[in-house]
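Laboratory data are not the source of any read-out in this text; all were calculated from the coordinates shown. Since this is a predicted model, take the numbers as computed values, not measurements. Heads up, the Cβs are rebuilt from the backbone with ideal geometry, glycines too, and the neighbour counts pull from every protein chain shown.
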Amino acid sequence: MKLKQFRFGLFSCLILALSLLLAACGDPTTTPAPAGATTAAAGAATTKAGPVNTAQAAGAKFKVAFVYVGPTTDGGWTTAHDEGRKFLEKAMPNVETTFVENVPETSADAEKVITDLALKGNQIIFTTSFGYMDPTINVAKKFPKVYFEHATGYKTADNVSTYQVRQYQPRYLAGIIAGKMTKSNTIGYVAAFPIPEVIGGINAFTLGAQSVNPNVKVKVVWTNTWYDPATEGQAAVSLLNAGADIMAQHQDSPAMLQATEKAGKFGIGNDAPMDSFAPKAYLTSPAWNWGPYYVERVKAAMDGSWKKAEYFGGLKEGVVDLAPISKLVPDDIKALVDTKKKALLSGELDVYVGPLKDQTGAVKIEAGKKASDADILGMDYFVQGVEGTIPKK
């Protein structure tokens, strides 16, 4: 009996010692959560807005995300932003980027995507379409230690900046080409949504055309789409049937150019070079270069110098330009455009200068005065020479 008790006691001691050893070593089947993976979510309700958590594990990359309204292959707006993302990755090897394309601008859809990107540990998120404005603001409230950058919007917060480009500058130059090359003096313009950015672009294009051809009229058709090739192609056909022999657009797809080429006319693209889609029709495109801006803002987020801002860059900053002009454009017109571009760069020329009148003849900018940035960013009227109406909100 004593021998059995001794053996039982010895066995119990061994079991206890083994248990203590395992507790000290830890469970070898459990993997620790990645550092920082839930930082934004956990601190959302209690942390004041401030620098992103840049205390990363050795070798970890800084995570940056992009939200796109169209496919990266649209050949226009989203393609240009994705080229900017690739520029960022090449310039900053310590950065890891991700993107989500074809995200609807509806609040529920956009908020779901943006929230998911924040939860996945992205430390700065670029939302690249106007319709993401309110969703961006709403999500930013929940993740005050994540930085957000919204393209073309006007709402900011402690951790939300906006960025816009002076797209009206290359549109003015494109208008010069159209005004010089039209034979019918009727130019068609397929427009997306009636927001100041689009309205101002139509006005700038018209003013450029009028600067070389006072008899020009610009006919506008709205599609209420950014990327819908079928709808945009049909809108182009309607304008071509109305007598337009030069076409322009504020759309993300090349459908307008393709319809124009089929009709044997000329067209001007948008956002990026579109020559490969319709080489027999394509003249040029206003184009955007987002890469330098993305590098600048990510660097600021990483070193803690990021501050809320409302960026508005143009030719001078290198974020907008006119894409290489096609061989279809005569050399004398190319030379004129180059001269006007230099004048815009130097400040000798400005696009919106008074007297500037709307369609009714009312003076919107007095003689000798230039439009302020507030005037440009809030433009809600068409200048004389534009045929079309601006839908009510």
Q: Apply the Karplus parameterisation 6.51 cos²θ - 1.76 cosθ + 1.60, with θ equal to phi minus 60°, to every residue of the range 313-328 and state each ³J(HN,Hα) to the nearest whole Hz, in sequence, with x for glycine and proline.
A: x, x, 4, 4, 8, x, 8, 10, 6, 9, 4, x, 7, 5, 5, 6
Q) Just the Cα atoms of the range 85-137, one point each, no solvent: what log10 I(q)/I(0) does Debye give at q = 0.20, 0.21, 0.22, 0.30 Å⁻¹? A) -0.73, -0.79, -0.85, -1.23
Q) For the pair N102 and K141, what calculated FRET efficiency results from E = 1/(1 + (r/R0)^6), where r is the Cβ-Cβ distance and R0 = 30 Å, to the nearest 0.05? A) 0.75
**Q.** Low-density loop cleavage sites - GluC sites (Glu not before Pro) in the range 337-393, where at most 15 other Cβ are within 10 Å (DSSP)
**A.** E348, E366
Q. What list of ³J(HN,Hα) couplings, whole Hz, do you get for the range 64-81 from phi and the Karplus terms 6.51, -1.76, 1.60, once you set θ to phi - 60° and write x for glycine and proline?
A. 10, 10, 10, 10, 10, 7, x, x, 5, 9, 5, x, x, 4, 5, 4, 5, 5
(Q) Multiplying the sequence separation of A374 and E310 by 0.36 nm and subtracting their Cα-Cα distance, what value in nm do you get? (A) 21.9 nm
Q: Return the distance in nm (one decimal) between the two label points of a simple spin-label model at N215 and L345, each offset 7 Å from Cα along Cα→Cβ.
A: 3.4 nm
Q. Mind listing the phi-derived Karplus ³J(HN,Hα) values for the range 361-373, rounded to whole Hz, using 6.51, -1.76 and 1.60 with θ = phi - 60°, and x for any glycine or proline?
A. x, 6, 6, 9, 10, 5, 4, x, 9, 9, 5, 7, 4
